[in-house]
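Below: one structure, written as structure tokens.
Rule-based calculations on the coordinates, nothing more; no lab input. Computed from a prediction, not measured in an experiment: that's the story for all the values here. Neighbour counts are summed over all protein chains in view; Cβ atoms, including those assigned to glycine, are modelled from backbone coordinates with ideal geometry.
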Amino acid sequence: MEYEPDLSNLFQNEKDFDFGTMDSSFSDDDQFSSLFSESEQTGEHKDEELTAFDLGFMEDDPTVIAKPPEEPKEELDEFRSMLHEDGLVEDHVIQSGVEEYERRRKKKDRNLVALVIGLFVIIALLCVAAIYVIMNYTNIVGPAPMPTSTLVLAVPITEVPTATEAPTLTPTEAPTATPTNVPTTTPLVALGDRAISAENAGSLQLKLQKEYQGLKVVSLDGKQVAFADGKTISVWNPANGVQLYELHEHSANVTSLVFSDDGKYLVSAANDFTVYLWNLNLGILEKRFVIDGNAVNRVFGSRSRNMPDVISVDFSPDSTTIAAGTFGLVTIFDVPSGLARGSFEFGADELNKVASQTGSPQAFNVKFNGNGWVLAAGMSGHLVGLDTLDASPLYQFELGANARINFADNRQEMIEVDTGGVALRKMDTGEIFNGFDGAENPSDSGYPQYALSENWNVIGIETNDEQSNLQLSVWRIDQDEKIADFPAVCEGDNCRIPNFVIAGNGNWVAVEARDDQNSYLRLFDLENYLAMPQLEKFIVPIQAIDASPSSQLIAVLTQNGVLRIWDVKFGAQRVSLDATGMEQIKFSNDGQFLFAWNKDKFSAWALP
């Protein structure tokens, strides 16, 4: 922007300055002289001398121009205002001011962003630290004090409080089934290198024989066996018959034993509501758990003492969780911390109903599913599935008053057994995926007998024929198809379901038959629906039957105490062993051992 000053006023009195008539001889000196003379004439600056300051120089330094006096602030502001009004400020000055403002604003914005990010980082670090402290609480503060095993039940109370979780009961059809006396085994394992076969069965030797009182048998996987005789637990190696440990810590009778899947631990429960965890590498008691005394009092305190005080236990597949079930109460314990994660309890009304409907109520039987996230628990009249994190219910079903729940070794299925038949259920959801009717008047304690193949493809169950006679019916589970019926074994007017065993792979079934004087074993090919070679006749009735895990051998125990092993393929006997007084037989899951037992004695055979 250009500025042209207004000089019109400079010569407004042109009559006083007539350049045309001005004397050219008037010199500058004369003009200044005239001016000074005129000054003198008027008396101004008469006696004063001009100083260096008056001439614009500093007194001390004649080469430095003195600073002019400052204009009054009011005049300076007025002058600046005038400059702005007339547009005299350069554009680059205005632009520099804007840029300075923008630079300061951006700097403030950057500082604000940095402050917010810093706050978020600090909050995140605090959260991580809190999570670390929570997850490592046990390591930081140390394990909780070990509870004592003593528990005194309170005197009977007049009113029992309701359960913390009131179950919703969904009625299902009343099934029937037959319990077997074979003890629960550990999960399936591969056949060992020293498994019993048709070629080496003749070399079997008695490795272990022990007598007890009130024997309980657990873990028939071939690695270790444990016996509970009252308060004492003994652990044995069946390969050489050597006792590994004798454990005496319990102060009450042991009611349940179970090994961990890796064989490193043993869990035991006693009827004083204590649960112990044993380290089998060292043979010592590692941890002690106690079911909550208040919960026990609520369940048992006001009821008669005929309620079952049996405690069943199970160890999760990852060995981090223990479950304990008794009548009306399930508790889940956390192994690392030694504390209870939670418990499930039935209310007083429901427990009284169960006790009134059955003369011998059953306590909770518990089992973890394959990944250990769900605990299935069944007792008289009820089936529940619990979340293993806090024992909260995932599913609940109402069963018959006399129903029982048994579990598959694979931790995937379970079977509901009642007077009317059996129902097959999934452990994860509790849902029924098949069911089979049983006999109207079963021969064994009101429950129809049954057995399944190891892969749960085939089931045999006690039923009635068209004339209401007892018989054995064999069904293919996945196709819901009946394969064959086999008649009952009768001695006079007394008839019972024949002893039988189904091959682990479901390919064949061995069934006892009897004529007037002899017993024999019939083999039936379930794949081709053909009769297989008939085994040699027996003079006395058959007591028990079992098949090897390879499905190549059959072990037959007769009532006179003779234990025989037969080759399925050729129908030939391979060995005969003395098993006097024994009632049950079982091959170990790895095929290396053959066990036989009754309530007072246990024996094990293996290769040399």
request  = Provide the gained length on full extension for the span ASP437 to ASP480, in nm with one decimal, where the gain is 0.36 nm per separating residue minus the Cα-Cα distance.
outcome  = 14.3 nm
query = In what sequence, highest mean first, do 573-582, 374-383 appear when ranked by Cβ atoms within 10 angstrom?
reply = 374-383, 573-582
ask   = Counting only residues 5 or more places away or on other chains, whose amide H sits under 5 Å from the amide H of GLY438 once H atoms are built in the peptide plane?
value = THR176, GLY421, VAL422
query = Once amide H atoms are built 1.01 Å from N in the peptide plane, which residues 5 or more positions from ASP314, or in another chain, come under 5 Å H to H?
reply = ALA323
ask   = Any idea how far apart GLN209 and ILE122 come out in nm if each label point goes 7 Å out from Cα toward Cβ?
value = 8.0 nm
ask   = From the phi of every residue in segment 389-406, what ³J(HN,Hα) in whole Hz does the Karplus formula 6.51 cos²θ - 1.76 cosθ + 1.60 yield, where θ is phi - 60° and glycine or proline is x?
value = 6, 9, 6, 6, x, 9, 8, 8, 9, 8, 10, x, 4, 9, 5, 10, 10, 10
message = Amide H of PHE364 versus every other amide H placed in the peptide plane: which residues, excluding those fewer than 5 positions away on the same chain, fall under 5 Å?
response = THR326, PHE327, GLY328, LEU329
query = Using the 10 angstrom Cβ neighbour count as an exposure proxy, how do TRP373, TRP456 rank, fewest first?
reply = TRP373, TRP456
task = Show me 587-599, 493-505 ranked by packing, highest mean number of other Cβ atoms within 10 Å first.
result = 587-599, 493-505
task = Would you give the gap between the C-alpha center of segment 427-480 and the C-alpha center of segment 531-607, rounded to a whole Å?
result = 24 Å
key: Förster-model FRET efficiency, 51 Å R0, ILE539 and ILE131, C-beta, rounded to 0.05   = 0.10
task = Under 12 Å from the Cβ of GLY506, count the other residues' Cβ atoms, weight Lys and Arg +1, Asp and Glu -1, and hand me the total.
result = -3
Segment 199-209 - phi-based ³J(HN,Hα) in whole Hz, Karplus 6.51/-1.76/1.60, Gly and Pro as x = 6, 10, 4, x, 9, 4, 10, 6, 9, 8, 8
